[in-house]
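The values are calculated or read from the model by the stated rules, or taken from the named source; none is laboratory data. Keep in mind that this is a model prediction, so the values were computed, not measured. Backbone-built Cβ (ideal geometry, glycine too); neighbour counts: all protein chains shown. Keep in mind that these areas ignore ligands, DNA and RNA; they rest on the heavy atoms of the full protein, side chains included. Shrake-Rupley method; radii C 1.70, N 1.55, O 1.52, S 1.80 Å.
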Amino acid sequence: MTTVRDWIEENVTTDKRALAWFDEEVCEDRIRRAYRELLSGYEIDPSTILKTTVLVDGEHTGVVREHDINFYSICAHHFLPFYGTVDITYVPGTRILGLGKFPRLVQAYSRRFQIQEHLVRDIANEIIESGNARAVHVRSSGRHMCMCSRGPSDQTVITETSYVAGDQELLARFGVDHPR
């Protein structure tokens, strides 16, 4: 089995000072634990997260918005971190969902190999499917290490993505624009 040190030496650098960091006996375990935590979303079934706070008698005539939910993820494209915030706006169906569940849902999906466009899609579709929402708009704002530290090397770039699921006309009636 190839060690982290072997992989770095073969693919990144042969600099002995750099490789010395990976000579410790506990190195492999420390890195393994870190990535298990960063990618812990695979251990969560997102469909079990959204719980009902109140059953709706008839139709809810407004939207619920929760914003600035922090996330941290690992880009499936470059294997580099990206992080930011997610805003969720939804029109309840037969249930009003527990607000504390939305940050948990964001974490369940963001703590996986992800791209930002799929992150908002996955969250929106889960709110429709498991949360019985009539409509949802999920927007995210993120900074990607691939943009900040390589390629363009621009630390000021912010990427915004959004996704709408369900009745888009219903969201528009409530003044929720797509895209932002």
Report summary line: On the accessible surface of segment 1-76, probed at 1.4 Å with all protein chains in place, carbon and sulfur together account for a percent value of 52
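Using just the Cα positions, wrap the chain in a convex hull and report its mean projected area in square nanometres, one decimal place. Intermediate results must be reported in sequence, preceding the final value.
Values: hull surface 49.5 nm².
The directionally averaged projection comes out at 12.4 nm².
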Query raised in the report: Which value, in Å² rounded to 10, gives the accessible area of residue 169 with a 1.4 Å probe and all protein chains present?
Result: 140
Requested in this report: Considering the options 12, 118, 34, tell which one lies farthest towards the positive end of the dipole of segment 1-127, charges being +1 on Lys and Arg and -1 on Asp and Glu at the Cβ, about the Cα centre.
Outcome: 118
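Can you put 30, 95 in order of accessible area, largest first, using a 1.4 Å probe?
Numbers: 30 95, 95 40 Å².
If we order 30, 95 from most to least accessible, we get 30, 95.
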Query raised in the report: Alpha carbon centre of segment 38-108 versus segment 119-180: separation in Å?
Result: 11
Query raised in the report: What number comes out for the charge environment of residue 62, summing +1 per Lys or Arg and -1 per Asp or Glu over other residues with Cβ under 13 Å away?
Result: +2
Report task. Please state, as a whole number in µm²/s, the translational diffusion coefficient that the Stokes-Einstein equation yields for segment 1-41 at 20 °C and 1.002 mPa s, with Rh defined as the Kirkwood radius across alpha carbon pairs. Result -> 195
Report summary line: For residue 63 the rounded accessible area (nearest 10 Å², probe 1.4 Å, non-protein molecules ignored) is 60
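Let me have the relative contact order for the chain, percent, based on Cα pairs under 8 Å that are six or more residues apart. Before the final figure, lay out each step's value.
Working: 324 pairs, mean separation 36.2, N = 180.
Computed value for the chain: 20 percent relative contact order.
Any idea what % of Cα-Cα pairs in segment 89-151 are farther than 13 Å? Don't skip to the answer; put the middle values down first.
Numbers: 1282 of 1953 pairs.
Cα-Cα pairs in segment 89-151 separated by more than 13 Å: 66 percent.
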Query raised in the report: With the other protein chains left in place, how much accessible area per residue, in square angstrom, belongs to segment 20-176 at a 1.4 angstrom probe?
Result: 54
Requested in this report: Rounded to the nearest 500, what is the 222 nm mean residue ellipticity of the chain from helices alone, with -39500 (n - 2.57) per DSSP H run of 4+ residues and division by all residues?
Outcome: -9000 deg cm²/dmol
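Suppose every Lys and Arg Cβ carries +1 and every Asp and Glu Cβ carries -1, with no other charges. What dipole size does segment 29-112 come out with about its Cα centre, to the nearest 20 debye? It would help to have the intermediate numbers written out before the result.
Values: 11 positive and 9 negative charges, 83 e Å.
Charge dipole of segment 29-112: 400 debye, to the nearest 20.
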Query raised in the report: Which one of 109, 149, 94 has its Cα pushed farthest toward the positive end of the charge dipole of segment 86-150, where Lys and Arg give +1 and Asp and Glu give -1 at the Cβ?
Result: 149
Report summary line: Taking 153, 141 and ranking on accessible area (1.4 Å, protein atoms only), highest first, one gets 153, 141
Query - Dipole magnitude of the chain about its Cα centre (Cβ charges: Lys, Arg +1; Asp, Glu -1), debye to nearest 20 - result: 300
